Amino acid sequence: MKNVTKRIIENFPNLEKTKEIHTVEATFLHLAWFFEDPENQDFNIGLLYKHLDNDWLELALELIAQFFREETHLIQEPVLSFIRKGSNEYFNQTQFADFLSERGLKYDKRKLNVYYKRGKLPKTDVEISGTPFWSKSTVEDFCEQEKKRLKKDCV
């Protein structure tokens, strides 16, 4: 399952697979079908216009951008990022360190800052007013790599 589809399921945990298209939920269901099988499943972008507004429309557009940026090879070096108010999709250094710490890795803001300055962290996904931010998927990937690296060092 693709990361973008997981995000849809987080927002709609009880998606019904047979809904007709005239609800927000059904629009996201069809979007998830496209994400999972774009070669065989079409998605009519007009559905966004007809059935979504405000936060739902912003989420759908963010997911579409994430899909083409992270789940396909069509955008080699992405420069477009969406950061929505209240979103937990981007992490600053403190949030990055907290995420790692919550998953059992011994990181605090200072250690992460040292790693950042030494170039030991992944490339930032976006920088705003000189503040680096990493996407949730970048942080999750780094966390998994660190767990594997530490496990290997212990063996």
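The values are calculated or read from the model by the stated rules, or taken from the named source; none is laboratory data. Keep in mind it's a predicted model, so treat the numbers as computed, not measured. For neighbour counting, all protein chains shown are included, and Cβ atoms are generated from backbone atoms with ideal geometry for every residue, glycine included. Surface accessibility is based on the protein's heavy atoms, side chains included, excluding ligands, DNA and RNA. Shrake-Rupley method; radii C 1.70, N 1.55, O 1.52, S 1.80 Å.
Observations on the structure shown:
- Pairing each residue of segment 51-77 that is under 16 Å from SER135 (Cα atoms) and in contact (Cβ under 8 Å) with a residue 12 or more places away in the chain with any residue that is aromatic (Phe, Trp, Tyr) and assigned to a helix (DSSP H, G or I), provided the two are 6+ apart or on different chains, yields C-beta distances under 6 Å for PHE67/PHE35.
- All conditions but one from (1) open to solvent by less than 80 Å² (accessible area, probe 1.4 Å); (2) under 19 Å from LYS6 (Cα atoms); (3) modelled with pLDDT of 90 or more apply to PRO122; the one that does not is (2).
- Residue count for segment 125-146 under the criterion of being at pLDDT 90 or above and of a type in the set (D, E, K, R): the result is 4.
- Residue within segment 93-103 that is open to solvent by less than 90 Å² (accessible area, probe 1.4 Å) and either at pLDDT below 90 or assigned to a loop (DSSP other than H, G, I, E, B) (or both) present: no
- Scanning segment 125-152 for residues that are over 21 Å from the mean Cα position of the chain (by Cα), open to solvent by less than 90 Å² (accessible area, probe 1.4 Å) and under 22 Å from GLU70 (Cβ atoms) yields a total of 0.
- Filtered by the rule that a residue be in contact with a Phe, Trp or Tyr (Cβ under 9 Å, 6 or more places away or on another chain) and part of a loop (DSSP other than H, G, I, E, B), segment 106-129 gives TYR107, LEU121, PRO122, LYS123, THR124, ASP125.
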